[in-house]
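A short worksheet on the structure shown next.
The values are calculated or read from the model by the stated rules, or taken from the named source; none is laboratory data. From a predicted model like this one, the values you see are computed outputs, not experimental measurements. Cβ coordinates were reconstructed from backbone atoms using ideal geometry, including for glycine residues, and neighbour counts include every protein chain displayed.
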Amino acid sequence: MIDELYQYLKSFFETSKLNLLHENYGGRRIFSDPIIGVARGDDPIFQKFKEVVGPEHLSPRELWLAEGQENLLASNLRIISIVFPYVDKIRKESKNVKKLLRVTLPAEIYSVGRNYANIFKQETCKKIIEFFNEKSYKAVAGMLSESFTIMVKGNFYSTWSERHMAFATGLGTFSLHGWLITDVGCNIRLASVVTDAPFKITQRKNDDPYANCLYYSKGTCRECEKRCPANAIDENGHNKIKCRDYGQKIARKIIARIGPILKPHIRCVNWKLRPPSYPVGCAFCQFEVPCMDKNPTAKM
């Protein structure tokens, strides 16, 4: 069934108008073909996430029950994680940054793609749920759930981390800059669903959470640190607060420049809905680095 799901998603990625840039930026695809990973709902790693992400982080079974589904054993659930790789055009053109007096802006083509990605990811999850329902299975998605919120308690984390779900399913490992390095690199987006469909799991290649990062595995690189204009990356990792603050500066400038073509996004923070915002990203740390479009440790 996983091959059938992959073909279903591949077709959706190819045909959905939500996976297209604005015509001002060529009107072509934002994401290339997806990658899928699968984990068992009773994998002990999901309890570990309550320690490394935050105590409010949901296990797959907790999300399942929160969505009003049948009281199943965790072993009967599967987590399907999906990688959304940005197309080469966006990656290549993202070197065209704009340096202003007090802030450096990412390439507009990336900001538009990053902004449009949220709705496309949500629609992808809805399509996966439809796929399973048509086969008499159930499915739920963390990003669509009322149980999802961003927690702000000095630092930032969410009740459902797409990065950690992707790690659990064997799709990649973490990095110095905090994002996930997959076989198609770190310049990606992620989504996931929980289902009772009996999928075969995809084994994690490595339980080391940083195995794909050159800095953590070899003590080299740190190119992402050099690329970050916010000085939000050092040998201790990624400072989310510095990153957030710089990202807000970028958003104000980008919205002033191309606001009319951006799409609004509503976030839930500490269980309260915030007014619509227009996320445009930053991702300097993901471009022109060894892990942008590949796992740099794969052939070592």
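Quick notes on this structure:
- Residues (surrounded by fewer than 16 Cβ atoms within 10 Å (Cβ to Cβ), touching a strand residue (DSSP E or B) at 6+ places or on another chain (Cβ under 7 Å) and either in contact (Cβ under 8 Å) with a residue 40 or more places away in the chain or not polar (S, T, N, Q) (or both)) located in the stretch 73-82: none
- When the stretch 5-39 is filtered for residues that are in contact with a helix residue (DSSP H, G or I) (Cβ under 6 Å, 6 or more places away or on another chain) and of a type outside the set (A, V, I, L, M, F, W, C), the ones remaining, listed by number, are Tyr8, Asn19, His22, Tyr25, Arg29, Asp33, Pro34.
- Picking from residues in the stretch 170-184 that are within 15 Å of Ala211 (Cβ to Cβ) and not aliphatic (A, V, I, L, M), the one that is nearest to the chain's Cα centre (by Cα) is Trp179.
- Residues of the stretch 149-180 classified as under 23 Å from Ile201 (Cβ atoms), assigned to a loop (DSSP other than H, G, I, E, B) and among the aromatic types (Phe, Trp, Tyr), total: 1
- Taken together, Ile36, Ile2, Ile79 contain a single residue that is closer than 25 Å to Lys127 by Cβ and at pLDDT below 95, which is Ile2.
- Residue in the stretch 268-286 that is free of Cβ contacts under 8 Å to residues at least 40 places away in the same chain, among the aliphatic types (A, V, I, L, M), within 21 Å of Thr149 (Cα to Cα) and in a loop (DSSP other than H, G, I, E, B) present: no
Residues checked against (1) part of a strand (DSSP E or B); (2) without any contact (Cβ under 8 Å) to a residue 40 or more places away in the chain; (3) within 18 Å of the chain's Cα centre (by Cα):
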site	(1), (2), (3)
Lys48	no, yes, no
Glu56	no, no, no
Trp64	no, no, no
Asn71	no, yes, no
Phe84	yes, no, yes
Asn96	no, yes, no
Arg102	no, no, no
Arg114	no, no, yes
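- Test: Ala191 is over 30 Å from Gly68 (Cα atoms), small (Gly, Ala, Ser) and either in a loop (DSSP other than H, G, I, E, B) or modelled with pLDDT of 95 or more (or both): no
- Filter result (outside any helix (DSSP H, G or I) and touching a residue at least 12 places away in the same chain (Cβ under 8 Å)) within the stretch 229-265: Pro229, Ala230, Ala232, Ile233, Glu235, Gly237, His238, Leu262, Lys263, Pro264, His265
- Single residue of the stretch 1-35 satisfying the filter (of a type in the set (Val, Ile, Thr) and surrounded by 19 or more Cβ atoms within 10 Å (Cβ to Cβ)) that is nearest to Leu180 (Cα to Cα): Ile35
- Residue match in the stretch 125-132 (condition: charged (D, E, K, R), modelled with pLDDT of 95 or more, surrounded by fewer than 22 Cβ atoms within 10 Å (Cβ to Cβ) and within 12 Å of the chain's Cα centre (by Cα)): no
- Lone qualifier among Lys218, Lys226, Lys299 - being in contact (Cβ under 8 Å) with a residue 12 or more places away in the chain and of a type outside the set (A, V, I, L, M, F, W, C): Lys218
- Complete set of residues in the stretch 86-119 that are of a type outside the set (A, V, I, L, M), surrounded by fewer than 23 Cβ atoms within 10 Å (Cβ to Cβ) and within 30 Å of Lys138 (Cα to Cα): Arg114, Tyr116, Asn118
- Scanning the stretch 213-225 turns up one or more residues that are touching a strand residue (DSSP E or B) at 6+ places or on another chain (Cβ under 8 Å), in a loop (DSSP other than H, G, I, E, B), buried (at least 19 other Cβ atoms within 10 Å of the Cβ) and at pLDDT 95 or above.
- When Gly281, Gly259, Gly247 are checked against the criterion of being surrounded by 15 or more Cβ atoms within 10 Å (Cβ to Cβ), closer than 20 Å to Ala117 by Cβ and over 16 Å from the mean Cα position of the chain (by Cα), a single residue qualifies: Gly247.
- Scan of the stretch 126-143 for residues that are over 20 Å from Trp179 (Cβ atoms), part of a helix (DSSP H, G or I), in contact (Cβ under 8 Å) with a residue 12 or more places away in the chain and not basic (Lys, Arg), ordered by number: Ile128, Ile129, Phe131, Phe132
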